[in-house]
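What follows is calculated from the coordinates using simple rules that are stated; it is not laboratory data. Not measured: the values here are computed from a predicted model. Every residue, glycine among them, receives a Cβ derived from its backbone with ideal geometry; neighbour counts consider all protein chains shown.
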Amino acid sequence: MRSTYRVEIHWREPHLDGRVAQLLRRAAQWVRVPVRQAAVVDLYFLRGALSPEEVERIAQELLADPVCQRPQWRRLEAEEPPPPPDGRWVVEVMLHPGVADPVAERLLEGAARIGIRGLEAAATGTRYELWGDLTRDQVVALAEGLLHNPVIQTYALGELAPNLEVAARPSDEVEVIPLRGMGPSQLLALSRERVLALSLEEMEAVQEHYAALGRDPTDVELETLAQTWSEHCAHKTFKARIHYTWAGGLPRHLPDGTLGPPAGEEEVDGLLATYIRRATDEAARPWVRSAFVDNAGIVALDEEWDLSFKVETHNHPSALEPFGGANTGVGGVVRDILGVSARPIANTDVLCFGPRDLPDEDLPPGVLHPRRVEGGVVAGIEDYGNKMGIPTVNGAILYDRGYVGNPLVFCGCVGLAPRDAHPRQVEPGDLVVVLGGRTGRDGLHGATFSSTALAHDTGQTVGSVVQIGDPIVEKAVMEAILRARDEGLYHAITDCGAGGFSSAVGEMAREVGAEVELHHVPLKYPGLRPWEIWLSEAQERMVLAVPPANLERLQAICRGLDVELTVLGRFTGDRRLTVRHRGRVVADLEMDFLHGGLPRKRLEAHWQPPAHPKPALPDAPDLGATLLRLLARPETASKEPVIRRYDHEVQGGTVVKPLVGPGEGPSDGVVLKPLGTKEGRGLALGCGINPWVGLLDPYAMAWAAVDEAMRNVVALGADPDQVALLDNFCWGDPNLPDRLGGLVRAAQGCYDAARAFGAPFISGKDSLHNEFGDPEGRRTPVPPTLLISALGIVPDVRRAVTADLKRPGHLIYAVGLTRRDLGGSAWFRSLGALGDEPPRPCRESPRLMRALHRAMRQGWVRACHDCSEGGLGVAAAEMALAGGWGAALDLRNLPRDAGVDRDDVALFSESLGRFLVEVPRERQREFEAAFHAEGLPIGLLGTVQEAPMLAIVGLAGREVLRLPLADIRRAWRGEDA
């Protein structure tokens, strides 16, 4: 007889459960509810023809840790729920029906493995038992503000009844959309209602196409066109023709050494072609193996191995459901690396949140508090990377009010593959094969949703875009793909990302055509309509083009790894996309129209510099207090609590780690030596990002981001002539001329800076429409945000350099010129203003970095740290706390221009192209000669000291700062004195 059982897993000593301490802390700090004590109970619901003995086996062998947990269970049909426990409140939380439940799926597999065949369905939940002098309103506030997310979960005070059924609608329902009879307003209304994110011109193009065919489109066809033409997939803004005008701002520093005009107008024939891809073409680096073609950019590590790199954003989903959004962001970028037939060897993450201390009354309606967003995002990244065995090694965390309604989550992944191991050519007759997870409604409209702005009610209107990841499945898929790659079993591969099968099959079949039978698609549950099956962005799925002769061997590999494999159809050669469901044609699209029918956008852009006041500078600044304040700022302060949650050692290839030296100070980036590759050679990863400069001038921001990313990897030992760049733009609505004007400025800065360094862009991503709309209709964009990621080749990892000071008596040099570059700086922001002059481009940076790299190759450099957030002062403090040694510096020897006439300006300027470098005394002459021979600015600032003290002599020759390392460390770590 089929029954439903409720299994509870209790901790024998609830206070030993780490979740309890976190709940108590967050209840007090986030929701301000005084919970005295708590217990967290894992819930499992089992349905099937199970005997009591089998339920007990499942509970004991699969669900409970016998050392610290005890199970209890009951059959729901036979037993009444126990009365509410005295003196405590109970909150139970479960996923909404239809939301992916990876733990339940693993439970079904586990039961089968221990020989229990009667388990038919499972679900999971969490029970919170709360003690304290609490009112019902307080418990509700706790449930809604901390314990559940309404986008994916439901809750109850007391016991929840499980819903192990998914409501099934007729799964063969296909709607014909009466497009031909619609007027402009009806077309736009249809686009909004179906979350198509298509403009009137684009809707009319679809209408005209079907009018010429003499029929209306099916919902499958219309949804396919919408995702293929979405901003997310088609990059319409970066390919648009733009009429651009500008008046003022920093003049362009052009590659020929001249300056651009202060005002004017021009026609831009696509941002991607004119600036980003052009920089790569003109750099013409022979070690670039693939750029802007595949799922990820590819460069040569050596003559035997290639490296791939991709950074994606998962912003909108992370705003709605932080854990799931970030979790699947990592999963998606890992699949991008699998999509170029590479093994993932490292992850990166750069995160932008609202302030942790944002007052509750300042939180817009419908928005999760930044504390909750950050906690969920970090947990989601940890969950996916750690479970897949991929080290998370590099990143940054920024805080600004501009990210309250629209957090940004950048997820990156690096892969390693043998040279020429990635096949790309689909052949007619190849089978369309899908590997991995099953398909559900999760992730629907992800591509089109990410092409629109967020609003206060987005979670209620398009909650289905949130996906739930299952890294265990993706781990098995990864191993299957790598074995298939090594045996040459497929002709092409791509991932199921935005748009699901419609995007994956549609792109792979672009030159040949394909026919697919949706009835073959494995489903998580019944009731999906054909368009939902076709468009679902359910996770952990890859699509391969497999020659029929290789299918049996691929099936054997997948069986051995418990990876589900399904043949969906074949690639045809007729250049049509034909989709069937139970034999009935539900979509018939010409590839020429699907990929070539999108009208090219024509946009207007205008730029003029905004007005931002300068702060009033103190007459007699306390430089020690200022430095401690800068070290304690959230952007600068230690990220160790986050770093330690990520496994950055797994795979055994991390040479320079995120924290360095005996004091575990911040590193500029990381150095990796992939296992199995040639001795010595490795790679460095770093990044550059500064949205506060973007608020002043996006052109200056782009230069600053490229310069910082280059500095990060060169400081570690990377060759500046073997650095590849990735660009990730997060912007507001590009249809507004002022927003687009800033985007044009940023793209120009990318081109000019990349050309100066000779560094090619190999991949990138634009995430536009990052705006939040409040109930009154006001829309606020995120700060203009550009992330530049850098991958540099380290010729010999044994010469890699870290930032921690190494030995008393060594010399400390300032490399690069300090100017009065304070606009957008951490110092100015700490004084309550941005300033009006952004940091200027540094044309000397490429030559400085080449000279510094040559010195590193000679072994003359013992420590190196770039000067960025907080300037030279923060860089010196970080080097000292990392190494555990003091430093004595004299600003009179600082290379500077005439504008640097104050000690605070000298210490906290954020001029580009600068490093602090530790050099042994016996190498002083060679080191100085290497820079002087080329007329490059360096200055001997001082020495490493045995006494744990940072002492600085100012421009007037008197000591202006003296701080014990203990004070520096406490400020940086956020510890009380």
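Regarding the chain, what's the average projected area of the Cα-atom convex hull, expressed in nm²?
40.2
Just the Kirkwood number for region 490-632, please: inverse of mean 1/r across all distinct Cα pairs, in Å, one decimal.
The answer is 19.5 Å.
Can you list the equivalent-ellipsoid semi-axes of region 648-746, largest first and in whole Å, using the square root of 5 times each Cα gyration tensor eigenvalue?
Those come to 33, 15, 12 Å.
Where the Cα atoms of region 646-689 are projected onto their three principal axes, how long is each span, largest first, in whole Å?
30, 24, 19
Rank-order 360-366, 120-126 by packing density, defined as the average count of other C-beta atoms within 10 Å over each peptide's residues, highest first.
The peptides rank, most packed first, as 120-126, 360-366.
Based on alpha-carbon positions alone, could you give the equivalent ellipsoid semi-axes of region 291-429 from the gyration tensor, as √(5λ), descending, whole Å?
For region 291-429, the semi-axes come out at 34, 14, 12 Å.
D for region 288-331, whole µm²/s, Stokes-Einstein with Kirkwood Rh over alpha-carbon pairs at 10 °C and 1.306 mPa s: what number?
Here the translational diffusion coefficient equals 131 µm²/s.
Rg/Rh for region 114-221 to two decimals, with Rh computed the Kirkwood way over all alpha-carbon pairs.
Taking Rg over the Kirkwood Rh, I get 1.24.
For region 50-98, what percent of Cα pairs sit more than 18 Å apart?
When every Cα pair of region 50-98 is considered, 57 percent fall beyond 18 Å.
Please work out, to two decimal places, the log10 of the ratio I(q)/I(0) at q = 0.08, 0.16, 0.18 Å⁻¹ from a Debye calculation in which every Cα of region 3-157 carries one identical scatterer.
Values, matching the q order: -0.25, -0.95, -1.15.
For Thr785, which sequence-distant residues (separation of 5 or more, or a different chain) have an amide H within less than 5 Å of its own amide H, given hydrogens modelled in the peptide plane?
Here Cys730 satisfy the definition.
Provide the per-residue ³J(HN,Hα) series for region 278-287, in order, calculated from phi with Karplus coefficients 6.51, -1.76, 1.60 and θ = phi - 60°, each as a whole number of Hz, with x at glycine and proline positions.
Running phi through 6.51 cos²θ - 1.76 cosθ + 1.60 with θ = phi - 60° gives 4, 4, 5, 4, 6, 5, 6, 7, x, 7 Hz.
Rounded to whole Å, give me the distance from the Cα center of region 292-313 to that of region 673-743.
Centre-to-centre (Cα) distance: 16 Å.
Please enumerate, by chain and number, the lysines with C-alpha under 30 Å from the C-alpha of Lys475, excluding those fewer than 8 residues away in the same chain.
Lys310, Lys387, Lys524, Lys639, Lys657, Lys673, Lys678, Lys765
Stokes-Einstein at 25 °C, 0.890 mPa s, Kirkwood radius from Cα pairs: D for region 740-822 in µm² s⁻¹?
Answer from the Stokes-Einstein relation: 137 µm²/s.
From the helices alone, meaning DSSP H stretches of at least four residues, give me the mean residue ellipticity at 222 nm for the chain, per-run term -39500 (n - 2.57), in deg cm²/dmol to the nearest 500.
Estimated from H runs of four or more residues: -8500 deg cm²/dmol.
Which log10 I(q)/I(0) values, to two decimals, does region 838-892 give at q = 0.18, 0.19, 0.27, 0.32 Å⁻¹ under the Debye formula with one point per Cα?
Listed by q, the Debye log ratios stand at -0.83, -0.91, -1.15, -1.15.
Applying a 10 Å radius around every beta-carbon, put 718-728, 925-935 in order of their mean neighbour count, most first.
Top to bottom by mean Cβ count within 10 Å: 718-728, 925-935.
So how compact is region 803-977: Cα radius of gyration and Dmax in angstrom?
Gyration radius and largest Cα-Cα distance of region 803-977: 15.5, 48 Å.
Can you pull the semi-axes for region 773-870, root of five times each eigenvalue of the Cα gyration tensor, sorted largest first, whole Å?
36, 18, 14
Once you list every other residue whose beta carbon is under 14 Å from the beta carbon of Gly264, what net charge do they have if Lys and Arg are +1 and Asp and Glu are -1?
-1
How far apart, in nm, are two points set 7 Å out from the Cα along the Cα-to-Cβ line at Gln60 and at Arg807?
6.3
Return one number: the angle in degrees, 0 to 90 and rounded to the nearest 10, between the long axis of the Cα atoms of helix 845-857 and the longest principal axis of the Cα atoms of the chain.
The angle comes out at about 90 degrees.
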